[in-house]
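> Just dropping this structure here.
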Amino acid sequence: MKKVSFFFILLSIAILLPNSAFAESFPDVPVSHPNYDAIEYIKQNGIIQGYQDGTYKPDDYINRAEFTKIIIETEYSDEEISVCDPKNSQIPVLFTDVIASDWFYKYICFANRLNVVQGYLGGFFHPEWKINFGEAAKIVNKTFGNWLGYNDIWYKPYVLKLEMENAIPTSIQNVAQFITRGEMAEIVYRLRAGVKDKASLTYAGISFDEHADENIGILPLDETWNEYKNTKRGYSIKIPRKIETQNCEKKTTKIPVETFENSDGVYVSETYYYENSASDNCAQKTTSLSSLQERTVALWKIIVEDVESEAALNDVIAKASEPGCRAGEKKSTAQEGTYDVKIIAKEGAECHSMTTLQFLYSPQKKKVAHWSRGIESIFWNGGKAYDPEMTESFRFE
């Protein structure tokens, strides 16, 4: 009788046992997790390593710096990325909040060199901000060279390409939805491994309101709104006195909205905001003009400029958005002689910003008002948005 080797017995047992019988790569990613296969793939392929405590935290949001690093490392070697290593290079990064001592410096620098990331108005990248699906789709596709050209709707070609590649996780419902570490793994897995047999959403199946669900209503202007007037620049706008937010105990609370005047414009923000620190402790901070100038908590920044001609208007638009952007269709507003200006691009230029840009133009007053508000933030109350009514309330005086 032939002896059966101990190795053969173990191999046979391994083949017969189900996957769940083996230890997962991460203790917090069980086989039942919807992104299990994807996370296992990126772990086995050396794309990620996880945290020092051995966990992966699949349901945590991922920020812009982390996401950019992972995607760049997926496609490019350390040697290629080293051209942006501050120890070996003097190549600057054109973002005021990304400095050479930051751990993510070389990845943001490299992505910027490839024109994968451009940042926000004011020269900021906001590495600490959570990344939303629209931003993620753009970075992934431009890094991998998978995109369909430019479109008036900036995110459309990137989302369509993910649809074609069967790479939109079914948990994604909105272009402004923040993505998790698990969803990031799912997108990378499907693109890199060519996975076509998992359920995927379509462009038509996603809500594209840039701030919230498309069913969110609008709060009417009433006596609970304050009117802010800027006599120096000649305009007024109405803002809510308080907005709803969650405090550190995850309870809904109302906090006041204030305006902060500065020579470069007027900031409109809630008085306090709450944030989670690296230690997961919730802290309440007081908003200040300096913090708003750093664009860490600003919701709106209103700027009014003098424009003597259409050419001057185009100069303002290009400066506030991107070179090559200019005025397109002008729609009448509630104020006679004031127009809502649509931004269009010259051929070959991508005209968009990761914030919502608004341009109101008065040829008679020879003024243009413009402001931006971040995708991460919106003034809202009980599922209804203040922002559209704030925009509608703006008046040149």
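> Using a 7 Å offset from the Cα along the Cα-to-Cβ direction at both Ser332 and Lys229, what is the distance between the two label points in nm, to one decimal?
2.7
> Please give the contour-minus-distance gain from Glu308 to Ser32: 0.36 nm per residue of separation, less the Cα-Cα distance, rounded to one decimal in nm.
Here the segment from Glu308 to Ser32 would lengthen by 93.1 nm.
> Sticking with this structure for a sec: Please list, in order along the range 221-236, the HN-Hα scalar couplings obtained from phi with the Karplus expression 6.51 cos²θ - 1.76 cosθ + 1.60 (θ = phi - 60°), rounded to whole Hz, x for Gly and Pro.
Whole-Hz 3J(HN,Hα) from phi for the range 221-236: 5, 8, 5, 7, 9, 9, 9, 9, 10, 10, 6, 5, 9, x, 7, 9.
> For the range 34-109, with only Lys/Arg (+1) and Asp/Glu (-1) charged at the beta-carbon, what is the dipole magnitude about the Cα centre, in debye rounded to 20?
180
> Also: Full-extension gain between Glu258 and Ile153, please, as 0.36 nm times their residue separation minus the C-alpha to C-alpha distance.
Extra length from Glu258 to Ile153 when fully extended: 34.6 nm.
> Kindly put Lys57, Lys106 in sequence by how many other C-beta atoms sit within 10 Å of each C-beta, fewest to most.
Lowest to highest Cβ neighbour count: Lys57, Lys106.
> Let me ask something else. Considering amide H positions built from the backbone, and no H for Pro or chain starts, which residues 5 or more places from Tyr235, or on another chain, come under 5 Å of its amide H?
Amide H to amide H, under 5 Å and 5 or more residues apart or across chains, Tyr235 pairs with Asn230, Glu397.
> Still on this structure: In whole Hz, with x marking every Gly and Pro, tabulate ³J(HN,Hα) for the range 62-72 from phi via Karplus 6.51 cos²θ - 1.76 cosθ + 1.60, θ = phi - 60°.
Rounded to whole hertz, the list is 10, 8, 5, 5, 4, 5, 4, 4, 5, 5, 5.
> Can you give the FRET efficiency to the nearest 0.05 for Lys366 and Ser236, using r as the Cβ-Cβ distance and R₀ = 22 Å?
After rounding to 0.05, the efficiency reads 0.80.
> From the phi of every residue in the range 48-59, what ³J(HN,Hα) in whole Hz does the Karplus formula 6.51 cos²θ - 1.76 cosθ + 1.60 yield, where θ is phi - 60° and glycine or proline is x?
Residue by residue, the range 48-59 yields 9, 10, x, 8, 4, 7, x, 8, 10, 6, x, 9 Hz.
> Let me ask something else about it. Name the residues whose placed amide hydrogens come within less than 5 Å of the amide hydrogen of Lys242, ignoring near sequence neighbours (fewer than 5 apart) on the same chain.
Close amide H contacts, sequence-distant or interchain: Val257.
Where a number appears in this text, it was derived from the coordinates with a stated rule and is not lab data. These numbers come from a predicted model, not from an experiment. Neighbour counts are summed over all protein chains in view; Cβ atoms, including those assigned to glycine, are modelled from backbone coordinates with ideal geometry.
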